[in-house]
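Please read the structure below before turning to the comments.
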Amino acid sequence: MASKAEKRRRDLIKIHGHKYRRHFLAEGYFCFYCGDRAQGLDHVPPVSMIEDLPYEKRKKWGIPCVLLPSCNECNFALNNRGLFNVFDRLLFLESYFDAKLQKQTSLWSESEIKELGHNLQGYVRAKQEGLQWLASKIRAIQVRQIKPETFPKFIEEDSDSS
């Protein structure tokens, strides 16, 4: 059975879904934010907050309603946060993944890993791959920040009419 929040989200999408348009990327179906394989679409601004952003306010602030390809990690991290534009979302994700990276332990040298038992070597290598994955995610987010020409733009036709 669907939770109350899931039902509310479905209802909001039924009511306001027509306001959102897909934003296509030249690089294909990859996460707009980090470049990993996209697994879904991120509503910008969050569909849970669209009722607080009528057309005139979005027009004044230049906030387009778009669906961005997103990996599960970025979409989950963004969730229903009150981040209404792409640049703010990128800044948040950079700090979010950087905080996760800082929590991890430092990298091991190859000679240190070789001194460990087989199972522990596998664990340490997997942990290091995770750290490298986080670092590459952060780098990709930083690169996207300096490419504003790829950001979705507000288009006058982004009206609330059906």
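Values for this structure:
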read-out	value
Matching residues in the range 81-128 - criterion: being under 19 Å from residue 71 (Cα atoms), of a type outside the set (A, V, I, L, M, F, W, C) and free of Cβ contacts under 8 Å to residues at least 12 places away in the same chain	88, 95
Test result for residue 96, over 26 Å from residue 39 (Cα atoms) and either assigned to a helix (DSSP H, G or I) or in contact with a helix residue (DSSP H, G or I) (Cβ under 6 Å, 6 or more places away or on another chain) (or both)	no
Single match in 89, 10 (criterion: part of a helix (DSSP H, G or I), of a type in the set (Lys, Arg) and at pLDDT 90 or above)	89
Residue in the range 50-58 that is buried (at least 17 other Cβ atoms within 10 Å of the Cβ) and of a type in the set (Ser, Thr, Tyr) present	no
Of residues in the range 79-116 being in contact with a Lys or Arg (Cβ under 8 Å, 6 or more places away or on another chain) and of a type in the set (S, T, N, Q), the one nearest to residue 52 (Cα to Cα)	104
Subset of the range 29-49 that is of a type in the set (Phe, Trp, Tyr) and more than 10 Å from the chain's Cα centre (by Cα) - its residue that is surrounded by the most Cβ atoms within 10 Å (Cβ to Cβ)	30
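Yes/no matrix, rows are residues, columns are (1) hydrophobic (A, V, I, L, M, F, W, C); (2) closer than 24 Å to residue 23 by Cα; (3) surrounded by 14 or more Cβ atoms within 10 Å (Cβ to Cβ):
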position	(1), (2), (3)
79	no, yes, no
98	no, no, yes
104	no, no, no
109	no, no, no
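The values are calculated or read from the model by the stated rules, or taken from the named source; none is laboratory data. Computed from a predicted model, the values in this text were never measured in an experiment. Cβ: placed from backbone, ideal geometry, glycine included. Neighbour counts: every protein chain shown.
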